[in-house]
Structures are given as C-alpha cells and as structure tokens.
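The values are calculated or read from the model by the stated rules, or taken from the named source; none is laboratory data. Given the structure is predicted, the values throughout are model-derived calculations rather than measurements. Cβ placement follows ideal geometry from the backbone for every residue including glycine, while neighbour counts extend to all protein chains displayed.
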Amino acid sequence: MTGGARGNDYTPDLRGFIAYLEAEHPEEVVRISAEVDPKFGVSGILHRLEKDEKFPLVIFENVKGSKIPLVANMHAGFERLRYGIGLEDGTIKEFLAECAQREAKPIPPVSVESGPVQEVVVTGDDVDVTELPVCTYHEKDAGAYITAGLALMRDPDTGINNIGIYRHQVHEKNLLGIQVSETADANVIWKKFESRGEPCPIAIIIGHHPAFFIGSLAFSPMDSDELHLAGAMLQRPVPLVPCKTIPLDVPADAEIVLECVTRPGERRKEAPFGEYPGTYGPQRMNPVLEIKAITRRRDALYQNAFVGHADNLLLSGIIRTTFIENTVKIACPTVRKVAVPRSGRFRFMCFIAIRKMMEGESKQAAMAAFVADPFLKFVVVVDEDVDVYNDTEVFHAIATRVRADRDIFMVPYAKGSPLDPASYDPAGGSHLVTKTGIDATRKDNYPDEIYVPGNENIDMAKYIPGYDAGR
Ligand SMILES: Cc1cc2nc3c(=O)[nH]c(=O)nc-3n(C[C@H](O)[C@H](O)[C@H](O)COP(=O)(O)O)c2cc1C
Ligand SMILES: [Mn+2]
C-alpha cells in the first residue's frame with residue numbers, strides 16, 4: 001500500500017502526502033506560481049474553483065508578502081481524505097468504517113529529542129506571524145485569520161492532550177485572537193486556567209498529514225487523548241518534541257508551530273468572520289494569545305482551511321459521524337446508517353436509519369445523537385430502506401410518515417453552536433438553540449406501499465430494443 005498514511009514510500013507528514021499525490025494522483029494537485037494576494041486573492045481563486053465544482057489541492061507558491069508557500073483546500077475532496085488513510089478506493093461508508101476501527105485502537109505518541117519542526121526557532125521580539133501567508137477570506141472579515149491551526153492544550157487536572165482547530169485573528173505580529181466555542185473541550189480547559197488566573201499554554205500546529213487532522217479532530221470524550229487518535233489514524237505513533245518556551249510537546253514532523261500562552265483576564269474584540277453556516281460569526285470579546293516562539297522547518301509549508309466552504313465543511317462532517325453512530329448504538333442497537341448531510345452544512349442535521357424493533361426506539365436514537373454532538377439541531381430517524389445519503393428519500397419519509405404532534409419533539413434552550421444564525425441571539429453569538437427530533441419511521445397501521453409484482457424480472461430490451469436502464 002502506497003497510500004499516504006500507511007505506506008513506506010512517503011513520509012507521514014504534509015510534504016510526504018503531497019509527494020504521494022503528485023506521484024500517484026497528479027490530477028488532485030494544482031500549483032499556482034503567479035503572485036496571489038493573501039487578501040481575497042487566495043479565497044477568490046478557491047471560491048471560483050468551488051463554483052466550477054473543482055476541488056483540487058492548491059499550492060500557492062508565491063503569496064504576496066511571504067516567502068513561505070501556502071497549501072490550501074486539502075480537505076475539500078472526499079478522495080483525498082480517503083487517500084489520507086491509505087484507501088485507494090471505497091465508499092464514504094467504507095471510509096467511515098475504517099476510521100471507526102482505527103479510532104477504537106488509539107496509538108500513544110513517542111518522545112523524540114529533535115525534529116524538523118524546530119530547524120528554525122524564533123523567539124521574543126523577533127516573533128512575527130505576519131511573515132506567514134495568512135489570508136483574509138471574506139468581505140466583512142475583521143482581518144487576516146489562521147484557519148487550520150491545530151491547537152494543542154493540556155488539561156491541567158488530568159494531563160490529557162486536547163486538539164482542535166479554533167480560528168485565530170492576527171491582532172499584532174505576536175498577538176492572536178481565538179474563538180473557542182462553548183461546545184469545545186478546549187473551552188473547558190482554557191477556563192480551568194483562566195479561573196486560576198494562570199496563562200493557558202497553547203501550541204498551534206500548522207501543516208500536517210490529512211490522517212493527523214482526521215484523528216486529532218475526531219469527536220471524542222474529554223478523557224481521550226487526541227494525540228493517540230492521531231496516531232491511530234496515521235497507524236504509527238506521533239513523534240513528539242518538547243516545545244522551546246511552553247510546557248507542551250508537539251509533533252516533530254509538523255511544518256510550523258506557534259508556541260503561545262493566553263493572557264489571563266485580557267479580552268479583545270474578535271471577528272466578524274465568515275463562518276461555516278455561510279454567515280458571519282458576530283464580534284465577541286475573546287481571549288488573547290501571546291506568541292512566545294515560532295518554530296518551523298527551514299523550507300516550511302503553511303496550511304490553511306477555507307472556512308464556510310467544502311474544505312472546512314467536509315472535514316467537519318467526516319469527523320463526527322462515527323462518534324454519533326457509536327453513541328446512537330447504545331440507545332438503539334439496530335442503527336444501520338448515520339449521515340451528516342451537506343444540506344445541513346455537515347453540522348446541523350443528522351439522518352439516522354434504523355431497523356425498528358419497537359415503538360419509542362426512534363426517539364431514543366434521536367436523543368442519543370443530540371447527546372453525542374452538540375452542534376446537531378435536527379435529527380431525522382428513518383427506516384432502514386431509506387437512503388440516508390439521499391435528501392429526497394429522507395424528505396419523502398418526512399412527508400409521508402410524520403404526524404407532527406406525535407412524531408416531532410423539541411428541546412428549547414439547549415447548548416448548540418454559537419454560530420447558529422437562528423440561535424436565541426445570533427448577533428450576540430448565543431450558543432442557546434432549539435433542538436428538533438423527527439421520527440420519520442413507519443408507524444403501526446401504516447398502509448401497504450404500492451408495488452407492481454414481477455416488475456424487476458422484466459427484460460426491457462425484449463420490448464424496447466436497445467433499452468438502457470440509465471444506471
Ligand atoms: C477548518 C475548521 C475550522 C474550525 N474553526 C473552529 C473555531 O473557530 N472555533 C471552534 O470552537 N471550533 C472550530 N472548529 C471545530 C473544532 O475544531 C472541532 O469541533 C474540534 O473537534 C473541537 O475539539 P475539542 O472539543 O476537543 O476542543 C473548526 C473545525 C474546522 C475543521
Ligand atoms: Mn477533545
């Protein structure tokens with residue numbers, strides 16, 4: 001197997017995966033050598049590609065104002081995510097099954113003494129994050145944003161490492177903002193430091209293999225260490241080096257690391273910023289990070305994510321599905337399929353197919369999904385013959401099998417995404433939303449569905465010469 005994550009031919013890091021793609025799947029990669037403006041230029045090109053239904057990995061070799069190349073759009077195509085875990089082909093369901101198997105067997109990291117991510121170390125006054133090709137994406141964004149920084153924090157009570165992507169506005173050359181949603185584990189960890197009046201160390205990891213992203217972003221309980229999940233997805237232990245200025249350990253084979261600490265009690269205006277629902281997230285008074293050091297490879301690559309677009313949305317959907325399915329299984333053992341569809345921006349909606357054995361199970365399944373993923377706002381439960389990857393089939397089930405007073409339940413004032421444009425206070429960034437569960441399974445006394453006996457056995461070409469079934 002030569003796939004990015006498990007093969008021996010390519011290093012399991014960002015550059016190794018790009019080398020693999022360029023050798024084995026060159027159609028996946030576009031290199032742009034012309035100078036491009038980091039303000040609206042990069043996002044403009046990515047947006048036009050998306051409009052034309054093209055989702056390649058794009059390497060901007062010459063971003064105005066920076067000597068460092070920019071790797072963009074890595075997670076915008078399903079095939080690349082699949083190649084990322086070493087599967088040359090397979091459906092989304094097969095991909096998710098492989099992810100679930102790996103997540104069930106975490107692989108702890110190993111300590112190493114040195115690594116390429118510290119070939120260059122810049123500290124103190126010399127720290128200048130604006131040397132990186134940090135982009136401004138949408139019209140009303142408050143400024144340039146780091147959008148694919150994997151922020152590693154350590155729980156001060158348990159010592160467990162947590163990783164997530166949280167957007168970082170560039171305030172000054174050594175100061176960043178951060179938006180940690182109320183739904184994130186990172187919010188709990190940061191608040192532990194904040195309530196003790198202590199700075200919270202945060203290492204922002206930039207540039208890594210897609211398997212590292214899938215593993216470290218996996219939905220998991222707070223007591224699971226996401227470095228172990230990253231190892232599981234890469235199928236090898238993540239090699240860790242100690243940071244130079246903060247008490248954390250980071251992947252030795254990342255491209256760039258920003259070693260940061262929060263300033264306790266300090267807040268700054270952060271956002272507006274174009275967010276995943278396709279609307280701007282409102283301005284809030286958010287914490288401030290001071291960058292103590294920038295460490296990087298000598299020929300580092302910078303990586304970003306195009307938030308609000310395929311690159312951000314697809315990854316977000318993929319990382320939550322297996323955890324939802326495993327949790328729903330506890331409440332309803334007959335769960336068959338779980339989909340977090342594009343139509344719900346890969347976050348707000350979830351379709352669950354079950355083989356119903358008794359009444360009441362559908363609502364159990366929906367409630368379990370809400371417990372598993374606080375971003376979910378609508379959960380629709382259907383019978384197993386409904387294709388949950390097909391919105392039309394799910395809507396057909398809602399249209400014909402739902403009696404609202406019996407089959408729909410709502411939970412007002414529940415914890416959800418502070419970026420939900422329909423929250424209780426979207427302008428203020430409220431994280432309180434109303435959840436809706438819909439049981440769209442067939443109920444007792446559901447009439448027989450119409451059927452033409454024997455139709456599947458008819459040889460159509462016998463009656464209509466040259467007949468093409470069209471599938
Ligand atoms: C490209 C991208 C950008 C994201 N931006 C944010 C963000 O700004 N704030 C946030 O709270 N979550 C953001 N997320 C979602 C979190 O990274 C994700 O929910 C993560 O699993 C949270 O981890 P945690 O619960 O362990 O803290 C983003 C995800 C992606 C893929
Ligand atoms: Mn976590």
Among residues of segment 93-105 being surrounded by fewer than 19 Cβ atoms within 10 Å (Cβ to Cβ) and of a type outside the set (Gly, Ala, Ser), the residue modelled with the lowest pLDDT is Lys93
Taking the conditions exactly as written (surrounded by fewer than 20 Cβ atoms within 10 Å (Cβ to Cβ) and touching a residue at least 60 places away in the same chain (Cβ under 8 Å)), does Gly90 satisfy them or not?
no
In segment 279-292, residues that are assigned to a loop (DSSP other than H, G, I, E, B) and under 18 Å from Ala148 (Cα atoms) total 0
Inside segment 190-246, the number of residues satisfying the requirement of being part of a loop (DSSP other than H, G, I, E, B) and within 12 Å of ligand 1 (Cβ to nearest atom) is 9
Flagged pairs (Cβ under 9 angstrom, 6 or more apart or on separate chains; first in segment 32-61, farther than 11 Å from Ala76 by Cβ; second exposed (fewer than 13 other Cβ atoms within 10 Å of the Cβ) and polar (S, T, N, Q)) are Phe60/Ser33; Glu61/Ser33
Condition set part of a strand (DSSP E or B) and over 24 Å from the mean Cα position of the chain (by Cα), scope segment 367-396, selection farthest from Ser181 (Cα to Cα): answer is Asp383
Within segment 221-239, can one find any residue that is under 20 Å from Asp311 (Cβ atoms) and crowded, with 23+ Cβ neighbours inside 10 Å? yes
Taking first residues from segment 444-459 that are assigned by TED's automatic domain parsing to the domain that holds Thr400 and second residues anywhere that are of a type in the set (Gly, Ala, Ser) and at pLDDT below 95, the pairs with Cβ under 7 Å that are 6 or more apart or on different chains are none
*asked:* Taking the criterion of being surrounded by fewer than 20 Cβ atoms within 10 Å (Cβ to Cβ) and in a loop (DSSP other than H, G, I, E, B), would at least one residue in segment 307-328 satisfy it?
replied: no
Residues in segment 185-232 that are over 19 Å from Leu314 (Cβ atoms), away from ligand 2 (no atom under 12 Å from the Cβ) and of a type in the set (Val, Ile, Thr) total 4
Of the conditions (1) in contact with a strand residue (DSSP E or B) (Cβ under 6 Å, 6 or more places away or on another chain); (2) at pLDDT below 95; (3) over 29 Å from Met357 (Cα atoms), the single one that Leu432 does not satisfy is (2)
Assess whether Lys140 counts as being over 22 Å from Arg236 (Cα atoms) and either part of a loop (DSSP other than H, G, I, E, B) or assigned by TED's automatic domain parsing to the domain that holds Cys260 (or both). yes
